[in-house]
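K.L.:
The structure is given below, and queries will be raised subsequently.
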Amino acid sequence: MRIISSVLMVLFAVMLILASWYYRDDLFQTIYDPGEPFQTMALPPAPDYSVDAGWLVRPDTNINTIGIPGGDVFVISPTLFLGRTHWNAPIDSNKLKTRFERVIMPNYILPYQFAGRVYAPQYRQAALYTFLNNRDDSVLAMELAYQDVRRAFEVFLEENPVERPILLIGYGQGGMHAQRLLAEYFGGDLNKKLAAAYIIDHPFVLNSTTNLQACTRKQDTNCIIAFGAFEPKEKTRVKRFVDKTLIWNPEESGSIQSVDGRPLLCVNPLLWTTEVDYAPARLHLGGAAAEGLDIETMPVPMPHQTGAQCQDGVLLLDKPKLKNLRRPSRFGGKYRTLPSNLFYEDLRVDAKRRVQNLLEKNILPKLAPLMEMETIEIEDSPITLPLKPLKQ
């Protein structure tokens with residue numbers, strides 16, 4: 001009997017493990033459900049964008065920009081906060097702050113410092129859990145996150161001189177918020193200042209922003225680059241991306257809807273076109289899996305890791321050669337932000353190029369260079385009265 005009992009226990013354990021693996025996505029969602037309605041939860045304190053503490057990165061605004069090359073870059077970071085304790089991330093979490101500094105900063109923000117001054121706001125990002133369902137609570141959490149981003153962007157615009165181009169970059173959730181900024185802020189003169197907008201790993205529906213076109217050549221400016229990248233094995237992620245992912249409704253500001261199979265923009269970051277031509281790995285400039293680097297240290301890019309091709313609105317990849325540039329197999333791994341940037345060097349080079357292309361068009365105002373003033377030493381000379389009275 002003991003042997004039979006032991007065998008049954010082993011079989012039960014195996015079945016439990018197999019069931020957990022099969023339903024791992026459902027289990028992940030269950031674990032990170034905040035378990036309380038959004039309306040009844042106390043909101044995390046809002047960031048203050050008038051001070052540096054409200055930003056992950058912000059340049060010294062006391063320095064005259066006339067001597068700083070390039071443009072100004074606004075980067076909206078991807079999702080790190082998973083959920084469970086709240087619908088929105090607390091900005092005072094030391095754990096999250098460490099993850100931002102060690103992973104998000106070197107991989108997703110600092111590549112753009114070569115294009116100009118970089119701004120990256122802290123914001124009460126919606127939890128990853130909110131993107132796995134279409135509950136009203138999730139929509140409210142996304143709206144709260146966007147309002148933080150919007151306030152930060154208005155500070156950015158106030159500090160962006162008229163002569164400096166703008167780059168707008170959003171990854172994952174950040175790409176979602178960047179799209180709404182494009183819809184609500186860009187038009188007329190601000191379009192002329194936009195070197196390019198990058199919407200990465202979030203669907204961008206074609207014709208969702210009527211004032212801007214897709215970037216179809218390396219020389220293009222005032223345009224949009226978008227792609228969601230997937231390895232061959234990620235068919236479930238592809239289906240979710242093109243069908244179920246939530247996006248801002250371009251026809252009704254502030255409302256959210258699913259992609260629902262609508263055509264998506266895909267710009268191949270190895271070719272910088274929307275064509276469906278296959279780009280071989282020899283064109284890949286390099287990915288990075290940086291962690292814990294300080295702000296002055298650049299990661300060494302790893303080139304020739306993947307080929308890529310746009311098909312039906314998504315970017316299909318060859319399996320990256322190095323394991324640390326692939327999506328890790330871990331609980332909830334298909335949803336989490338990668339601790340690497342496969343197109344780190346490709347994006348770094350292109351962002352700098354787009355800004356320079358716009359500057360060379362000479363459509364933005366130009367400031368006169370600072371004049372070099374010669375310093376003249378003046379000796380004190382006391383005033384003395386004449387020895388004789390002056391004749392009247």
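K.L.:
Mind jotting down a quarter of the surface of the convex hull over the alpha carbons of region 161-275, in square nanometres, one decimal?
P.N.:
Values: hull surface 29.5 nm².
Averaged projected hull area, Cα only: 7.4 nm².
K.L.:
Under 25 Å Cα-Cα from Lys218, which lysines qualify once same-chain neighbours fewer than 8 residues away are excluded?
P.N.:
Reachable lysines: Lys192, Lys193, Lys352, Lys361, Lys366.
K.L.:
Taking 20 °C and 1.002 mPa s as the conditions, I'd like the Stokes-Einstein D for region 273-348 in µm²/s, using the Kirkwood hydrodynamic radius from alpha carbon pairs. Write out the running numbers ahead of the final one.
P.N.:
Numbers: Rh = 13.5 Å.
The Stokes-Einstein estimate is 159 µm²/s.
K.L.:
About the Cα centre of region 124-246, what is the dipole size in debye to 20, counting +1 per Lys and Arg Cβ and -1 per Asp and Glu Cβ, all else neutral? Write down the numbers at each step before the final one.
P.N.:
Working: 16 positive and 15 negative charges, 103 e Å.
That gives region 124-246 a dipole magnitude of about 500 debye.
K.L.:
Under a no-solvent Debye model with one identical scatterer per Cα of region 219-361, what's log10 I(q)/I(0) at q = 0.09, 0.16 Å⁻¹?
P.N.:
So the normalised log intensities work out to -0.32, -1.00.
K.L.:
Select from Leu264, Val300, Pro320 the residue farthest towards the positive end of the dipole of region 238-335; place +1 on Cβ of Lys and Arg, -1 on Cβ of Asp and Glu, and compute about the Cα centre.
P.N.:
Going by the charge dipole, the pick is Pro320.
K.L.:
Can you give the charge dipole size of region 192-337 about its Cα centre, rounded to the nearest 20 debye, using +1 on the beta carbon of Lys and Arg and -1 on the beta carbon of Asp and Glu? Before the final figure, lay out each step's value.
P.N.:
Working: 20 positive and 15 negative charges, 105 e Å.
In total the dipole reaches around 500 debye.
K.L.:
Per the Cauchy relation, a quarter of the hull surface: what is the mean projected area of the convex hull of the alpha carbons in region 83-161, in nm²? Walk me through the numbers before you get to the answer.
P.N.:
Numbers: hull surface 24.7 nm².
Over every viewing direction, the Cα hull of region 83-161 projects on average to 6.2 nm².
K.L.:
How much net charge surrounds Ala115 when only other residues with a Cβ under 12 Å from its Cβ are counted (Lys, Arg +1; Asp, Glu -1)?
P.N.:
Values: positive: Arg117, Arg164, Arg348, Lys352, Arg353, Arg354; negative: Asp72, Asp350.
Its environment carries a net charge of +4.
K.L.:
Using modelled amide H (1.01 Å from N, peptide plane; none on Pro or chain starts), what sits under 5 Å from the amide H of Tyr198, excluding residues fewer than 5 places away?
P.N.:
It is Leu168, Ile169, Gly170, Ile225, by chain and number.
K.L.:
Another question, then. Can you give the extra length, in nm with one decimal, that the chain gains between Asp260 and Asp243 once fully stretched, where that is 0.36 nm per residue apart less the Cα-Cα distance? The partial results should precede the final answer.
P.N.:
Working: separation 17, 0.36 × 17 = 6.12 nm, distance 0.43 nm.
Between Asp260 and Asp243, full extension yields an extra 5.7 nm.
K.L.:
In addition: Can you compute the charge dipole magnitude of region 119-180 about its Cα centre, using +1 on each Lys and Arg Cβ and -1 on each Asp and Glu Cβ, nothing else charged? Give it in debye, rounded to the nearest 20.
P.N.:
Working: 6 positive and 8 negative charges, 30 e Å.
Approximately 140 debye in magnitude.
K.L.:
Using Cα-Cα distances under 8 Å and only pairs 6 or more residues apart, what relative contact order does region 43-140 have, in percent?
P.N.:
43 percent
K.L.:
Can you compute the equivalent ellipsoid semi-axes for region 138-200, i.e. the square root of 5 times each eigenvalue of the Cα gyration tensor, sorted largest first and rounded to whole Å?
P.N.:
Details: eigenvalues 91, 32, 18 Å².
They are 21, 13, 10 Å, listed largest first.
K.L.:
List the extent of the Cα atoms of region 48-98 along each of their three principal axes, largest first, rounded to whole Å.
P.N.:
47, 19, 17
K.L.:
Considering the dipole of region 96-154 built from charges on the beta carbon (Lys and Arg +1, Asp and Glu -1) around the Cα centre, which of Met105, Ala145, Ala126 is farthest to its positive end?
P.N.:
Met105
Any read-out appearing in this document is the output of simple, stated calculations on the displayed coordinates, not a laboratory observation. Here the structure is a predicted model, which means the values were calculated and not measured. Glycine also receives a Cβ, built like all others from the backbone with ideal geometry; neighbour counts cover every protein chain displayed.
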